[in-house]
Amino acid sequence: MADRLERQIRKRSAVRASTRRQLQDIETEVNKEDPVIDRLRELLALLSEKEETLQKLDVGIEEGTDTNDLENEIADVEEYKERVITAKSG
């Protein structure tokens, strides 16, 4: 069980890094003088896919997380959710 949890945590770290890059790409495109709408749609679609992947990983990690660490885990998950929601709605 611990090995499975560790694998999920490592995978989530990689997906989060990719998500951060995606968020930066969206911010860069939005801040351009003349943003390309099709490019933004593409970036947002990719972000939605990453969001789904993160949600699945988060559920598995929360289930395997010790009760004492659960509060920190949930706070961390919520922070990423807020970033993604802000990018998708902004």
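Rule-based calculations on the coordinates, nothing more; no lab input. As the structure is a computational prediction, the values presented were derived from the model and not from experiment. Glycine gets a Cβ as well: all are built from the backbone with ideal geometry, and neighbour counts include every protein chain shown.
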Mind grabbing the base-10 log of I(q)/I(0) for the stretch 4-47 at q = 0.26 Å⁻¹? Debye formula, identical points on the C-alpha positions, no solvent, two decimal places.
-> -0.84
Paired Rg and Dmax values of the stretch 17-90, which use every Cα atom, in angstrom = 14.5, 49
Once phi for every residue in the stretch 59-70 is put through the Karplus expression 6.51 cos²θ - 1.76 cosθ + 1.60 (θ = phi - 60°), the whole-Hz ³J(HN,Hα) values, with Gly and Pro written as x, are 4, x, 5, 4, 5, x, 7, 4, 3, 5, 9, 5
³J(HN,Hα), Karplus 6.51/-1.76/1.60, whole Hz, each residue of the stretch 18-23, x for Gly, Pro | 5, 5, 4, 4, 5, 4
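Compute the FRET efficiency between Arg10 and Glu42 as 1/(1 + (r/R0)^6), taking r as their Cβ-Cβ distance and R0 = 35 Å, and round to the nearest 0.05.
Numbers: r = 28 Å, r/R0 = 0.79.
Plugging the Cβ-Cβ distance into 1/(1 + (r/R0)^6) gives 0.80.
Per DSSP H run of n ≥ 4, the term is -39500 (n - 2.57); total these for the chain, divide by its residue number, and report the mean residue ellipticity at 222 nm rounded to 500 deg cm²/dmol. Mind dumping the intermediate values first?
On the way: 3 runs with 77 residues, N = 90.
When only DSSP H runs of four or more count, the value is -30500 deg cm²/dmol.
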Between the modelled labels at Ile85 and Thr53 (7 Å from Cα along Cα→Cβ) the distance in nm is 2.3
Excluding residues fewer than 8 places away in the same chain, name every one of the lysines whose C-alpha is closer than 18 Å to that of Lys81.
-> Lys11, Lys50, Lys56
Count charges around Arg4 for me, please; just the other residues with Cβ under 14 Å from its Cβ, Lys/Arg as +1, Asp/Glu as -1.
-> +1
